[in-house]
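Heads up: the structure comes next, in structure tokens.
The values are calculated or read from the model by the stated rules, or taken from the named source; none is laboratory data. Every value quoted in this text rests on a predicted model; they were computed, and no experiment measured them. Please note: Cβ atoms are built from the backbone with ideal geometry, for glycine as well, and neighbour counts cover all protein chains shown. All accessible areas refer to the heavy atoms of the entire protein, side chains included, with ligands and DNA or RNA removed. Shrake-Rupley method; radii C 1.70, N 1.55, O 1.52, S 1.80 Å.
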Amino acid sequence: MGKRVVVLCSISQRFTGHEQIPLNVQAIGINCIRGYCIANPVIRKHFDIRTEYFDIFTSAREIARVLELQSPSIIGFSCFSVNFEKTLSIAYTIRRRMPEVTIIIGGPQVIYAADQLEQYPFVDMAMKGEGELTFREYLLSLVGKKEIAKIPGIAFRENGKIVFTGNRKKWINLAEIPSIYTDEILDEISGTILLETSRGCSYKCAYCDTANQKYREFPIDRVKNDLSRILAKTNISGILFTDPNLAHNNERFEEILEFLVQNNTNNISIDGFWSSLPQISQFFEKMKRAGFKKNIRVCVQSTSTKVLKLSRRTWLAIPHLTKVAPELHEYFPEARIELILGLPGETPTSFRNCMSDLFKLGFRQFTINPFMLLQGTEFYNRRKELGLECADNISNIVASTPDFTSQELYHARRFRMKFQQLALLIQPDDICLLESKGINIIEMAENFEWLESVFSISDSIDIANPDKETRHISMDILEPLAEFLERYYKLKRNESKIIVEYIRVKYMMSQIEKQSQDSLKERTENSLFPLIHAYEEIETINSVPQMMGIKYHDNKADLQDNAIIFAVFSLRKRKVVPVMVENVAFFRQLLKVLVGAKSKSGIINAFDPAQKTMVLKSIVSGMVSLIRSRILCTVSFRLIFSG
């Protein structure tokens, strides 16, 4: 008699907002279960354990057909809130095609195993909790090594009844789980890879299904070995740590960072999810050197005091964010905020104020996740008390709360998408200026019709891809925006024109800054030359520089109708500094030389002796703001013009 075929299945979708993540890389759970089970010689002798990875958009019929070809005796599914409905559809289809096969569900979505087994008669067994120990013991029971009724964490059918063996009290020792990243697997992968270095979480967030899991760590040597193999592969471009709280152990986190600093020679992009933002602020500089780039994800969830208290997340309130945000933006200017829409205590007003408050702190990228009532969480257990209603019993998406009707949730999703576009156009440091003119960004997002016409906003939430829209905005918005300001705020045409032009110039400066930051990787670190990394010219009306606080060196220049702003990128501050001068033509020539010359002699040879005095005068008079920003330091001038 041959080995019995066991197929473990993962149903998922490639992430977006990141590089595509291979389906087999996302299936950490079933890969760990397989590795743990086949390490047992008895199981290896009797079972052929396979893994299959399917895209969530593949039809249930096609998935069932692929599985049927393997003649399995057992099929197991890893169930999450995102894939649960699709998994049940597949299981139902399999039952009709293969009535003799044993169908097992497990994963984070299986909390009330006996109730779920009763609800879905086409499923034979449900496994609650971590699957490695439970699944291994189940397989051993099939070859007479253990009684199934004595295996904790299982709900199964027996004589027409459902039997639940009770919760498993023992957590698996993570050191016993073999690494899932062998050289053979890594050679087959391209793109971004997921890496788990710990399980469980020290926080007790009321909405999260990891809140009740004991925090444990994979051995640090195993983590370093995995990283060594991953970093050595040229086909892998990114690593996403999946730990709920990677920085829980500060010493361990710093050790991982130091290892990445020393070994990430291919400059692989590193990313993770952060709830403990104040905790990691001390590591920002080292995180940057280790490979953490711009897409840092900050899990704020809400800024409402009431919501944070109910959710047991008071450690990341607005005062904490206000303190950490400036340094965070310095190292990670495109940090992304993650929020949960519809948490208990949240109202339409508090949600809008939340986005506005975060925008004022400099955050411009937002991912809004639906509030999902995960089984086993505090909010799930208090759902009746809190008045939480779900759309159905499968997806567990909260459809309404006492403070947020279903219609208000729908409009809040639309508001978020419109607000996101304005946040890309308007600079956070301009909010005070706009408010001084009586302009409110929340009102703009609510009432600016042009935003409605540009984006097709679905009535449903794309759970697998909540932040798929563009990160840029068309300049076609400017004329409709001016008309909106005139109509809604009763501004005169000239007033609206100046405000919109000011917004345009600041947006262009932000784009120049972003492009300059992106291109810095091509520049040798700490190199002196070129003295200026990048600059651009922006032509505008003369009122805009005055609004920005830029003054000409020559007062006569104030009479000009138009102006040219030189947006010069500061190497020290990693920001664009706006500069205006009297002699535009000569200053343009000077900048071209400074941004192109790669040595002292290159600058000296660019000017004839008669021009040196003019160059120095231009620097001293026209580049005062640059000198103050230390883009060109006095020492450099002496090097260039000495002798």
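Numerical summary
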{"item": "Checklist (1) under 30 Å from Ile111 (Cα atoms); (2) under 26 Å from the mean Cα position of the chain (by Cα); (3) surrounded by fewer than 20 Cβ atoms within 10 Å (Cβ to Cβ) applied to Asp430, failing item", "result": "(1)"}
{"item": "The stretch 116-132: number of residues that are in a loop (DSSP other than H, G, I, E, B) and surrounded by 20 or more Cβ atoms within 10 Å (Cβ to Cβ)", "result": "4"}
{"item": "Qualifying residue in the stretch 159-166 (condition: under 39 Å from the mean Cα position of the chain (by Cα), of a type in the set (Gly, Ala, Ser) and crowded, with 19+ Cβ neighbours inside 10 Å)", "result": "no"}
{"item": "Complete set of residues in the stretch 189-215 that are closer than 25 Å to Gly291 by Cβ and either without any contact (Cβ under 8 Å) to a residue 12 or more places away in the chain or among the basic types (Lys, Arg) (or both)", "result": "Arg199"}
{"item": "Pairs where the first residue, in the stretch 363-390, is polar (S, T, N, Q) and the second is part of a loop (DSSP other than H, G, I, E, B) and open to solvent by 50 Å² or more (accessible area, probe 1.4 Å), C-beta under 6 Å, 6+ apart", "result": "Gln375/Tyr112"}
{"item": "All strands (runs of 3 or more DSSP E) inside the stretch 157-250 with 3 or more residues being closer than 30 Å to Phe122 by Cβ", "result": "161-164"}
{"item": "Failed item, numbered, when Glu435 is tested on (1) part of a helix (DSSP H, G or I); (2) under 24 Å from the mean Cα position of the chain (by Cα); (3) of a type in the set (Asp, Glu)", "result": "(2)"}
{"item": "Asp226 modelled with pLDDT under 85 and open to solvent by less than 60 Å² (accessible area, probe 1.4 Å)", "result": "no"}
{"item": "Of all residues making up the stretch 561-604, the number that are farther than 19 Å from Asn542 by Cα and assigned to a strand (DSSP E or B)", "result": "4"}
{"item": "Residue tally, condition at pLDDT below 95, β-branched (Val, Ile, Thr) and farther than 26 Å from Gln517 by Cβ, over the stretch 306-339", "result": "2"}
{"item": "Residue check, Ile270 in a helix (DSSP H, G or I), closer than 27 Å to Ser519 by Cα, under 19 Å from the mean Cα position of the chain (by Cα) and aliphatic (A, V, I, L, M)", "result": "no"}
{"item": "Matching entry among Ile193, Ile177, Ile220 (being closer than 30 Å to Ser302 by Cα and β-branched (Val, Ile, Thr))", "result": "Ile193"}
{"item": "Residue tally, condition over 15 Å from Asn31 (Cα atoms) and either surrounded by 14 or more Cβ atoms within 10 Å (Cβ to Cβ) or at pLDDT below 85 (or both), over the stretch 167-187", "result": "6"}
{"item": "Residue match in the stretch 386-403 (condition: open to solvent by less than 70 Å² (accessible area, probe 1.4 Å), under 23 Å from the mean Cα position of the chain (by Cα) and under 30 Å from Ile498 (Cα atoms))", "result": "no"}
{"item": "Within the stretch 72-98, considering residues that are at pLDDT below 95 and in a loop (DSSP other than H, G, I, E, B), the one farthest from Ala126 (Cα to Cα)", "result": "Val82"}
{"item": "Of all residues in the stretch 133-156 being in a loop (DSSP other than H, G, I, E, B) and surrounded by fewer than 22 Cβ atoms within 10 Å (Cβ to Cβ), the one that is modelled with the lowest pLDDT", "result": "Lys145"}
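This table checks each residue for (1) open to solvent by 20 Å² or more (accessible area, probe 1.4 Å); (2) among the basic types (Lys, Arg).
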position	(1), (2)
Ile11	no, no
Ala39	yes, no
Thr58	yes, no
Phe77	no, no
Arg97	yes, yes
Gly106	no, no
Ala114	yes, no
